[in-house]
1. Please grab the % of Cα pairs in region 1-55 that end up more than 17 Å from each other.
2. Got the relative contact order for region 86-201 handy, in percent, Cα pairs under 8 Å and 6 or more residues apart?
3. Would you be so kind as to identify which of GLY134, VAL65, ALA89 lies farthest towards the positive end of the dipole of the chain, taking Lys and Arg as +1 and Asp and Glu as -1 on Cβ and the Cα centre as origin?
4. Apply the Debye scattering formula to the chain, with a single equal point scatterer on each alpha-carbon and no solvent, then give log10 I(q)/I(0) at q = 0.08, 0.09, 0.10, 0.15 Å⁻¹.
5. State, to one decimal in nm, how far the label point of VAL106 lies from the label point of ILE37, with both points 7 Å from Cα in the Cβ direction.
6. How much mean residue ellipticity at 222 nm does the chain get from its helices, if each DSSP H run of length 4 or more adds -39500 (n - 2.57) and you divide by all residues, to the nearest 500 deg cm²/dmol?
7. SER194 to GLU29: FRET efficiency via 1/(1 + (r/R0)^6), r the Cβ-Cβ distance, R0 30 Å, to the nearest 0.05?
8. Sequence gap at least 6, Cα distance under 8 Å: using those rules, report the relative contact order of the chain to the nearest whole percent.
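Derivation of every value follows stated rules applied to the coordinates shown; laboratory data play no part. If you're wondering where the values come from, they're calculated on a predicted model, not measured in any experiment. Heads up, the Cβs are rebuilt from the backbone with ideal geometry, glycines too, and the neighbour counts pull from every protein chain shown.
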Amino acid sequence: MPDRVNQNVARGAATREHLLTVATALFAEHGYEATSIDAVLQESGASRGSLYHHFKGKDALFEAVLEVLETDVGRRTMEAAAGLPDPAAALRAGCLEWVRIARDPVIQQILLIDAPSVLGWQRWRALEERHALGLIKGAITAIADQGGLSPELVEVFSHVVLAAIDEIALFVARSDSPDAAALAGTGAVDEVLSRLLTSPG
């Protein structure tokens, strides 16, 4: 019996992952509004009952896709900052990586274009804060600990940096010339952080 239970759990997890992969591709190609549950079912080969077992509807499916993308973005920004002993340099590296990631059409369509309108600004912002704010706050706290910023400014500056890099990423996503926008965006990130923060030494 335990083996059968484990097999069922594994099958369920595999089905959920497959649905997320298919939904991500469809949402990225067609946008949220033009992607139907029927399209996801047809492309995935899953049954309607199987899909609704894992997701209550299209909104829940979209939010699950967002969670996967946000988690991946967090991993990639942390990897970009890994190994840098200076927290200000690590923060810059992570923010610049986010702007580079914003050039990805999948990220653009799902996370930056559709997510704010589908979730509403407040829920989208809460999602961003849950994933990105902690990483930013950790870096800025380390900067403050080294004397590069007054400790009482950590909280507000964390929100300022998050808002700034999100706006820069949206600028890149909505540009008709994403390469040029990304180049301008990377310069803007460095300028914003240089003006806000003072690296030690």
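1. 39
2. 41
3. Of the listed residues, the answer is VAL65.
4. Log10 of I(q)/I(0), two decimals: -0.33, -0.42, -0.50, -0.92.
5. Label at VAL106, label at ILE37, 2.5 nm between them.
6. One gets -24000 deg cm²/dmol as the mean residue ellipticity at 222 nm.
7. 0.20
8. Dividing the mean separation by the residue count of the chain yields 22 percent.
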